[in-house]
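What follows is one structure encoded as structure tokens, with my remarks underneath.
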Amino acid sequence: MTLGAPSLVLAAIALAAASGLPSLALRRRRSAPRRGPWVQRLSTSLLVLACAAGCVGALASILEPASPSIVLPWKAVGDSLVGLDPLSAFFLLPVFFVGALSSIYALGYWPQAKHPRTSARLQVFFGLLVAGMALLLVARQALAFLIGWEAMALSAFFLISAEDAREENRRAGLVYMVATHVGTLALFGLFALWRASTGSFALRAPALPLGLGAMNGIFLLALLGFGLKAGMMPLHFWLPGAHAAAPSHVSAMLSGVVLKMGIYGLLRMLFLLPSSPAAWGWIILALGAASGLLGVVFALAQHDIKRLLAYHSVENIGIILMGLGLALLGRSSGRKELFVLGLAGCLLHVWNHSLFKSLLFLGAGSAVRATGTRAMDRMGGLAKAMPWTSAFFLVGAAAICGLPPLNGFVSELLIYLGMFNGLATGAAGAAMAAVAAPILAMIGALALACFVKASGAAFLGVPRSPEAARAKESPAVMLVPMAALAVTCALIGIAPWLLPPLLDSVIAGLGSGPSLGSVPSLGSLAPLAYVGAASTAIFALAALLALTLARSGRRARTVMTWDCGYAAPTARMQYTASSFARGIVGMFAWVLRAPKEPKRLEGAFPEPASLHGEADDAVLDRVLLPAFRGLGRLSRWSHRFQQGLAQQYVLYILIALALLSLTLIPYDRILALLAVN
């Protein structure tokens, strides 16, 4: 194969990084207000062109996996390898696809005319975000990986805190910055240990087997560094605030794509090693189950629509980790079927979550733009004013709940098949399926309840506020990206038989080794053709039913609902997001801080009472922030030493030098002489 695919991806990275330069140059010109829309379109066009080239290169690399590396000589660190393999290409596709659609969506959601102060900043750092992620995905050397990682991390910070005049955004940006650099420090330790163990910073399989201590150290550091980026429990604490505060097209990238860089890092590092202990698989499976279950439980307790979606990102990262845990267990035990089904479910859910979660955030952004609020209790009735947005959000909601005929069903089915395969192949597999399968089923049921709540509170009923009553449908430039994502969700669900060649290419590269050898094809293990046929039948039946109802010609009658004796019902008599989920939330009071019971209404003229049902974050609000506040109080005594007087600082230096000089005294010799005398 020629260098076409890697060169195309490198050109896409360079063009994406430079796509925001026209907007940056315009900020310094007096003609910025007049030419702003055209420059924003130019920047978007450059980014879309870069993403299109990147998608072509990545897809070519998956279909023809013998992709060479490009050697970039750098004497400071040796030869830095940048290349493509099927794993990198698989993760590049959502980066470029969602990046292009989100940038188009921003033309209507965040136009230059309405946001002159922040629009240029968003365009610059959005392009750098795409370029940074693509760079780390093609890196074959630790320094190149860290450059891409930091470009991604810093770009995401400036995107999250774009509206820095708001305290919420500044706080979310600060928490994110602390979390991401703790993760980066863990990666420094990871690559230092990798260099000490393998003799090289190159990201390739070691020539000699590593000791168990080194392997466990690599695993734990990778789990911390990449787990923080992925947002798995309990390392998710930065995620809800950041995704809620960022502009919605940025939230789509953060949730749909940026989190997957943590999953990629885990896959890359763990499968560079020729083998893995079974304990690794059990740890990741347990963390995935905890993330999935607790993520959806905390989502149920939210009534901010973007925070709700953010916690569902934690849930879906848990599902991805459950698939990865199954694959590692299959690898350690030599069970090829378990390895293939678990890894296929993990990889496919990476794609699927990128699609339906981006669709949901773009749909939520459309509703937020129309109503001016993220509170679902102040929306309501939007389906009538915004039918297309409502329909696209419903598609994303059905997909994330794992309902056929959409894509979420297919990837979760593969993970279920892996669990049932474990049930049929031994005691360890039976224990795994007995625990993991019911948890995955519970996650799906709770997700369904959560999105019934979200869709009903935001889009059904009657408007709950004057802003919701005045809502209008979003422009076409925002609807087209949502339509593209919805169609892709449906296409994967209807035609999953197209996926095995793509997934087999990635799985074969990761599964080759002494523990497994050659692995079977996914098509021979999963009945994807039958799944596609059933999904097609369901889709055709639903379309036929809708067409029949549309052509029935019956005129709908408008009648009052049963009003329980109230002749004039109001919007306040509807279920709110908090009241709808209160029963389920009460079942998980052991982890959620249940809202205090409202004051009982007594007497002929009772006092007003209210109920607020949104839960705080168990890690950030209950552990980390109180701990840092306590540390701050303990550290206040040191302020007395900061008097601003030079002579005192000189005294401090002398005391420090005196203490250091005491360490030079040979105490052992003095004690020996005293003992002799």
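When you check Leu499 against the structure, is it crowded, with 23+ Cβ neighbours inside 10 Å, in contact (Cβ under 8 Å) with a residue 24 or more places away in the chain and closer than 24 Å to Leu101 by Cα, yes or no?
Against the criterion (crowded, with 23+ Cβ neighbours inside 10 Å, in contact (Cβ under 8 Å) with a residue 24 or more places away in the chain and closer than 24 Å to Leu101 by Cα), Leu499 qualifies.
Kindly provide the set of residues from the range 111-131 that are over 15 Å from Ala25 (Cα atoms) and among the β-branched types (Val, Ile, Thr), ordered by number.
Passing the criteria: only Val130.
Residue-wise test of (1) polar (S, T, N, Q); (2) over 18 Å from the mean Cα position of the chain (by Cα).
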{"residue": "Ala139", "(1), (2)": "no, yes"}
{"residue": "Glu150", "(1), (2)": "no, no"}
{"residue": "Ala156", "(1), (2)": "no, no"}
{"residue": "His181", "(1), (2)": "no, no"}
{"residue": "Trp194", "(1), (2)": "no, yes"}
{"residue": "Thr198", "(1), (2)": "yes, yes"}
{"residue": "Leu212", "(1), (2)": "no, yes"}
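Of all residues in the range 409-449, how many are among the polar types (S, T, N, Q) and modelled with pLDDT under 90?
2
Could you tell me whether any residue of the range 633-640 is basic (Lys, Arg), surrounded by 10 or more Cβ atoms within 10 Å (Cβ to Cβ) and in a helix (DSSP H, G or I)?
Within the range 633-640, not a single residue is basic (Lys, Arg), surrounded by 10 or more Cβ atoms within 10 Å (Cβ to Cβ) and in a helix (DSSP H, G or I).
Pick out, from the range 274-375, the helices (runs of 4 or more DSSP H) lying fully within it that include 3 or more residues that are of a type in the set (Ser, Thr, Tyr) and touching a helix residue (DSSP H, G or I) at 6+ places or on another chain (Cβ under 8 Å).
The helices (runs of 4 or more DSSP H) meeting that bar are 305-333, 336-371.
Scan the range 1-29 and report the pairs whose first residue is under 15 Å from Leu122 (Cβ atoms) and not assigned by TED's automatic domain parsing to the domain that holds Ala100 and whose second residue is exposed (fewer than 15 other Cβ atoms within 10 Å of the Cβ) and at pLDDT 90 or above, with Cβ atoms within less than 6 Å and a gap of 6+ or a chain change.
none
Could you tell me how many of the residues in the range 275-296 are surrounded by fewer than 24 Cβ atoms within 10 Å (Cβ to Cβ) and not aromatic (Phe, Trp, Tyr)?
Number of matching residues: 12.
Could you say which residue among His243, His236 is over 23 Å from Leu84 (Cα atoms) and in contact with a Leu (Cβ under 7 Å, 6 or more places away or on another chain)?
His243
Go through the range 113-151 and report how many residues are farther than 16 Å from Ala14 by Cβ and assigned to a helix (DSSP H, G or I).
12
Determine which single condition Gly231 fails, assuming it passes every other condition in (1) surrounded by fewer than 24 Cβ atoms within 10 Å (Cβ to Cβ); (2) among the small types (Gly, Ala, Ser); (3) more than 17 Å from Leu343 (Cα to Cα).
So Gly231 meets the others, but not (1).
Quick one: how many residues across the range 228-252 are assigned to a loop (DSSP other than H, G, I, E, B) and hydrophobic (A, V, I, L, M, F, W, C)?
6
Can you find even one residue in the range 169-182 that is in contact (Cβ under 8 Å) with a residue 60 or more places away in the chain, over 22 Å from Leu93 (Cα atoms) and surrounded by fewer than 16 Cβ atoms within 10 Å (Cβ to Cβ)?
yes
The values are calculated or read from the model by the stated rules, or taken from the named source; none is laboratory data. Since the structure is predicted, the reported quantities are computational estimates derived from the model, not experimental observations. Here Cβ is always computed from backbone atoms with ideal geometry, including for glycine, and neighbour counts include all displayed protein chains.
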